[in-house]
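Visitor: Let me begin by handing over the structure; questions about it come next.
The values are calculated or read from the model by the stated rules, or taken from the named source; none is laboratory data. Bear in mind that the values here come from a model prediction, so they are computed numbers and not experimental data. With ideal geometry, Cβ positions are generated from the backbone for all residues, glycine too; neighbour counts draw on all protein chains shown. With ligands, DNA and RNA removed, areas are computed over all heavy atoms of the protein, side chains included. Shrake-Rupley method; radii C 1.70, N 1.55, O 1.52, S 1.80 Å.
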Amino acid sequence: MLPSFKKRHPPVGARPGTLVTAESAVPPKIRVLRYDRETIEDLGSPEPEALPGLVQPGTVTWIDVQGLGNESLLRVIAKGFSIHALALEDVVNVPQRPKFEEYPSHLLAIARMMRTTPEQLVVPEQVSLFLGKDYVLSFQERYGDTFDPVRVRLAEGIGPIRESGADYLTYALLDAIIDGYYPVLDQVGERMNQLELRIMERPTPRNLDRLNELKFAVMILHRGIAPEREALTRLLRDKSGFLRDEVMVYLRDTMDHAVQLTDALDTTRELAASLLNTYLSLLSNRTNDVMKVLTIMASIFIPLTFMAGLYGMNFERMPELHSPWGYPVLLAVMAVTAGILLLYFRWKGWLGSDDDDE
């Protein structure tokens with residue numbers, strides 16, 4: 001089963017900033033990490049009102065909110081960090097198109113994260129990042145993400161992440177989101193290769209259903225990475241006051257990954273289309289083979305049916321009816337006729353096929 005892309009809209013004519021929370025939205029869980037070059041602190045799950053006070057100069061504070069099921073709590077957080085009502089609307093009314101928008105006190109980055117689970121091949125999720133002075137505020141739709149490698153690097157001080165500012169952390173999170181497409185795309189490619197073998201062996205309707213599921217999964221991946229690539233291109237072209245030039249260099253590498261993924265997805269889409277054509281061709285050939293066999297059988301039985309019908313009329317003056325050899329002779333004639341037709345069909349190449357000499 002694959003998720004849909006149905007967007008949640010506020011009522012027609014609603015004021016800007018109206019939030020529409022899904023019934024399936026999970027309650028928010030907050031986790032705060034604060035670090036500098038030497039130390040890192042896990043501040044747990046503080047109250048929403050206390051979050052702005054945790055941001056301290058000289059450190060970077062990462063406030064991760066997983067779940068959008070409490071509108072009042074989200075508004076408290078937004079008020080504490082001076083988040084514009086339209087920006088909060090983009091966070092809650094998902095899915096939004098990936099983009100970057102700059103506000104006076106922060107830079108908003110919206111991206112689409114992809115994961116795979118045993119139940120679903122592709123699980124899309126919107127991630128919203130607010131980059132401000134000395135802090136990064138992230139909002140996720142559900143629990144769980146692809147940020148564990150970033151958390152490990154923070155905990156162990158791997159690379160320059162602890163020595164850099166909040167903009168580098170934003171880059172690291174965006175890079176983790178983009179790189180998270182690779183294992184999902186690998187899963188799709190592996191299943192497509194397996195499906196190709198199944199279709200070549202037997203083009204069944206169930207295999208067609210599997211192919212449509214894979215095509216839909218590729219479409220979801222493409223709808224996530226293509227706008228992200230465009231947004232990164234505009235960001236690198238226009239730049240932002242919240243991102244240093246050193247971080248822009250790293251973001252160029254992230255955009256390269258987005259370009260690679262887009263090219264790979266285009267190839268996968270072409271492969272899916274080719275596989276569909278293969279399925280239709282094999283199904284057509286199979287139908288033609290069945291029709292050919294049925295036609296040959298009908299062609300053989302047409303003269304036999306004629307003979308049986310002729311001598312089944314029981315007219316009084318049919319001499320063959322009173323002959324003691326009439327019945328076996330008729331059976332012999334019918335058998336010879338069927339054999340001659342079989343040999344003729346084989347000679348014409350309509351029945352069976354000889355392998356070409358190598």
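Visitor: Restricting the search to the range 241-275, which residues are open to solvent by 60 Å² or more (accessible area, probe 1.4 Å) and of a type in the set (Val, Ile, Thr)?
Guide: Within the range 241-275, Val249, Thr267 meet the criteria.
Visitor: Next question, about the same structure. Since Leu197 meets every condition but one in (1) among the hydrophobic types (A, V, I, L, M, F, W, C); (2) touching a residue at least 60 places away in the same chain (Cβ under 8 Å); (3) out of contact with any Lys or Arg (no Cβ under 9 Å at 6 or more places or on another chain); (4) in a helix (DSSP H, G or I), which condition does it not meet?
Guide: (2)
Visitor: May I ask you to say which residue of Glu119, Glu163 is over 29 Å from Val218 (Cα atoms), in contact (Cβ under 8 Å) with a residue 60 or more places away in the chain, assigned to a loop (DSSP other than H, G, I, E, B) and not β-branched (Val, Ile, Thr)?
Guide: Working: Glu119 fails: over 29 Å from Val218 (Cα atoms).
The conditions single out Glu163.
Visitor: Would you pick out the residues in the range 291-321 that are of a type in the set (Asp, Glu) and assigned to a helix (DSSP H, G or I)?
Guide: Selection gives Glu320 alone.
Visitor: Could you please find all residues in the range 173-184 being open to solvent by less than 20 Å² (accessible area, probe 1.4 Å), closer than 16 Å to Asp263 by Cα and out of contact with any strand residue (DSSP E or B) (no Cβ under 7 Å at 6 or more places or on another chain)?
Guide: Scanning the range 173-184 gives a single hit, Ile178.
Visitor: Please state which one of Val76, Val32 is over 30 Å from Thr233 (Cβ atoms), at pLDDT 95 or above, in contact with a Ser or Thr (Cβ under 7 Å, 6 or more places away or on another chain) and hydrophobic (A, V, I, L, M, F, W, C).
Guide: Val32
Visitor: Moving to a separate point now. Does the range 22-64 hold any residues that are among the basic types (Lys, Arg) and touching a helix residue (DSSP H, G or I) at 6+ places or on another chain (Cβ under 7 Å), and which are they?
Guide: Residue satisfying the conditions is Arg34 alone.
Visitor: From the list Leu243, Leu265, pick out the single residue that is in contact with a helix residue (DSSP H, G or I) (Cβ under 8 Å, 6 or more places away or on another chain), in contact (Cβ under 8 Å) with a residue 40 or more places away in the chain and not in a helix (DSSP H, G or I).
Guide: Leu243
Visitor: Can you spot a residue in the range 128-144 that is of a type in the set (A, V, I, L, M), surrounded by 15 or more Cβ atoms within 10 Å (Cβ to Cβ) and under 18 Å from Gly224 (Cα atoms)?
Guide: Checking the range 128-144: at least one residue is of a type in the set (A, V, I, L, M), surrounded by 15 or more Cβ atoms within 10 Å (Cβ to Cβ) and under 18 Å from Gly224 (Cα atoms).
Visitor: With Pro95, Pro27, Pro57 as the choices, which residue is over 22 Å from Leu154 (Cα atoms), outside any helix (DSSP H, G or I) and either at pLDDT 95 or above or open to solvent by 70 Å² or more (accessible area, probe 1.4 Å) (or both)?
Guide: Unique residue meeting the criteria: Pro27.
Visitor: In addition: Give the residue, chosen from Arg8, Arg37, Arg15, that is under 25 Å from the mean Cα position of the chain (by Cα), loosely packed, with under 15 Cβ neighbours inside 10 Å, at pLDDT below 95 and assigned to a loop (DSSP other than H, G, I, E, B). Break it down into steps so the answer makes sense when it comes.
Guide: Values: Arg37 fails: under 25 Å from the mean Cα position of the chain (by Cα); Arg15 fails: under 25 Å from the mean Cα position of the chain (by Cα).
After applying the criteria, what remains is Arg8.
Visitor: Is it the case, given these coordinates, that Ser138 is under 20 Å from Val76 (Cβ atoms), part of a strand (DSSP E or B), at pLDDT 95 or above and in contact with an Asp or Glu (Cβ under 6 Å, 6 or more places away or on another chain)? Write out each step before concluding.
Guide: Working: under 20 Å from Val76 (Cβ atoms): yes; part of a strand (DSSP E or B): yes; at pLDDT 95 or above: yes; in contact with an Asp or Glu (Cβ under 6 Å, 6 or more places away or on another chain): yes.
Yes: the conditions hold for Ser138.
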